1. Looking at (1) crowded, with 16+ Cβ neighbours inside 10 Å; (2) closer than 17 Å to residue 181 by Cα; (3) among the charged types (D, E, K, R), which is the one condition that is false for residue 20?
2. Answer with yes or no whether residue 132 is of a type in the set (A, V, I, L, M), at pLDDT 95 or above, within 18 Å of the chain's Cα centre (by Cα) and under 16 Å from residue 104 (Cα atoms).
3. Determine, yes or no, whether residue 128 is under 30 Å from residue 54 (Cβ atoms) and of a type in the set (A, V, I, L, M).
4. Could we say that residue 195 is part of a loop (DSSP other than H, G, I, E, B) and either at pLDDT below 95 or surrounded by fewer than 18 Cβ atoms within 10 Å (Cβ to Cβ) (or both) here?
5. Which of the residues belonging to segment 142-177 are acidic (Asp, Glu) and more than 22 Å from residue 120 (Cβ to Cβ)?
6. Residues in segment 149-202 that are touching a residue at least 12 places away in the same chain (Cβ under 8 Å) and among the acidic types (Asp, Glu): how many?
Amino acid sequence: MSIFSGLDEIVETDYPLAKRTWYGLGGPADYLIRPQTVEQLKEVVQRCSENKIPIYVMGFGSNLLISDDGLRAAVIKLEAGQFAQTQFNLSEAGLTAWAGVELSRVVLTCVQKGLSGLEALTGIPGSVGGAIKMNAGGNFGDIGAAVETVTLMDAQGSVFEKSKPELVFDYRRTNITAKFILNAQLKLNAADPEQIMRTVKEIWIYKKNNQPLNTKNSGCIFK
């Protein structure tokens, strides 16, 4: 019986990871797994543990280099189903964003709903989970400033939360050590959508004049 029997619709074998990285580099992974729900993720983690299969977590693939030798492991990508959801609480200017949501989508949706606080993420390729893990940002701020709570899962499949007093957001790093970031609750500010859009455009123009936004790249590499 297959290790991932019953999960065939979310598991691909001998998957060429070059298809998933912005540089188009990376050999095959034994498994590429894309769970649709937290329960499916728990099941995958349990089976990997039982069969001693190493786990790697992949975000958007825009800040990642993988060897041509590939990975003798399961690469888990949270990008669909439950992990692609956003829930807004407009009365409290709050947002719950799941790990697989693309940053550009979050920024533009916040503009439409009149919520300010994530404009600094304009032009940054990535997903919410990866952005929180490395505290994505730039000259105009970073995502950590808006994070109130994160929901996490450890390598044993246990789900738990960490709130703002427990979190440390530093330059391109956090103190989050859990294997998976499932979602984050963000605290934003109600504002005029037109003003937010003006700010987004200003940041985009600044970045376009200083960075190669028209090409796929892995962000700041050389200093």
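The values are calculated or read from the model by the stated rules, or taken from the named source; none is laboratory data. The model shown is predicted, which means the values in this text are computed figures rather than measured ones. Every residue, glycine among them, receives a Cβ derived from its backbone with ideal geometry; neighbour counts consider all protein chains shown.
1. Every listed condition holds for residue 20 apart from (2).
2. Details: of a type in the set (A, V, I, L, M): yes; at pLDDT 95 or above: yes; within 18 Å of the chain's Cα centre (by Cα): yes; under 16 Å from residue 104 (Cα atoms): yes.
Yes; evaluated as a whole, the condition is true for this residue.
3. Working: under 30 Å from residue 54 (Cβ atoms): yes; of a type in the set (A, V, I, L, M): yes.
Yes; evaluated as a whole, the condition is true for this residue.
4. Details: part of a loop (DSSP other than H, G, I, E, B): no; either at pLDDT below 95 or surrounded by fewer than 18 Cβ atoms within 10 Å (Cβ to Cβ) (or both): yes.
Here the answer is no, as residue 195 does not meet what is asked.
5. Quick first cut of segment 142-177, residues acidic (Asp, Glu) only: 142, 148, 154, 161, 166, 170.
Of everything in segment 142-177, those that are acidic (Asp, Glu) and more than 22 Å from residue 120 (Cβ to Cβ) turn out to be 154, 161, 166.
6. 4
Every residue, every condition in (1) outside any helix (DSSP H, G or I); (2) hydrophobic (A, V, I, L, M, F, W, C); (3) at pLDDT 95 or above, yes or no:
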| residue | (1), (2), (3) |
| --- | --- |
| 124 | yes, yes, no |
| 144 | no, no, yes |
| 151 | yes, no, yes |
| 160 | yes, yes, yes |
| 178 | yes, yes, yes |
| 183 | yes, no, yes |
| 207 | no, no, no |
| 219 | yes, no, no |
